[in-house]
Amino acid sequence: MLSREDFIFTIGFDGPVAVVDKQAKKKFGRLSTRELVDKGLFRPAYSSAVYSGNKEEIELVAETCSRLQDRQVDVAALDRLFGVSLVDVKRSILI
């Protein structure tokens, strides 16, 4: 499985290899889910919450997105919106 930092900044896949945003990982990789939300980095925040499996973190992202959009956003919508799901990838490349 990928490291947390690689997972939250994955921007795509090249076959069985995750493609990771190197600059974002370096700058924001150590931030918690809440800190990512506070900075407005919602996709990495949601990825972090999914990686941790913490329902409270997932709800934090969903509630913040709901508040910003002035409508209820559920977790299934966030899955589709951000395209985030756990996958069994063991390698990554940084670009």
message: Residue pairs, Cβ under 7 Å, 6 or more apart or interchain, first in the range 1-23 and at negative phi, second exposed (fewer than 13 other Cβ atoms within 10 Å of the Cβ) and small (Gly, Ala, Ser). List them.
response: 19/12
- prompt: Within the range 7-37, can you find the residues that are closer than 24 Å to residue 68 by Cβ and of a type in the set (Lys, Arg)?
  reply: 27, 34
task: State whether one or more residues within the range 80-92 are in contact (Cβ under 8 Å) with a residue 24 or more places away in the chain and part of a strand (DSSP E or B).
output: yes
field: Single residue of the range 3-19 satisfying the filter (within 15 Å of residue 83 (Cβ to Cβ) and either in contact with a strand residue (DSSP E or B) (Cβ under 6 Å, 6 or more places away or on another chain) or not β-branched (Val, Ile, Thr) (or both)) that is surrounded by the most Cβ atoms within 10 Å (Cβ to Cβ)
entry: 9
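I'd like to check something: does the range 58-74 contain any residue that is under 25 Å from residue 90 (Cα atoms) and at pLDDT 95 or above?
Going through the range 58-74, the residues under 25 Å from residue 90 (Cα atoms) turn out to be 58.
Of the ones still in play, those that are also at pLDDT 95 or above are 58.
Yes; the residues of the range 58-74 include at least one that is under 25 Å from residue 90 (Cα atoms) and at pLDDT 95 or above.
I'd like the full set of residues that are assigned to a helix (DSSP H, G or I) and in contact with a helix residue (DSSP H, G or I) (Cβ under 7 Å, 6 or more places away or on another chain), limited to the range 63-79. Show your work before the answer.
To start, the set of residues in the range 63-79 that are assigned to a helix (DSSP H, G or I) comprises 63-69, 75-79.
Those that are assigned to a helix (DSSP H, G or I) and in contact with a helix residue (DSSP H, G or I) (Cβ under 7 Å, 6 or more places away or on another chain): 64, 65, 75, 78.
The values are calculated or read from the model by the stated rules, or taken from the named source; none is laboratory data. On a predicted model such as this, the values are computed, not experimentally measured, just so you know. A quick note on method: Cβ atoms are made from the backbone with ideal geometry, for glycine too, and the neighbour counts reach across all protein chains shown.
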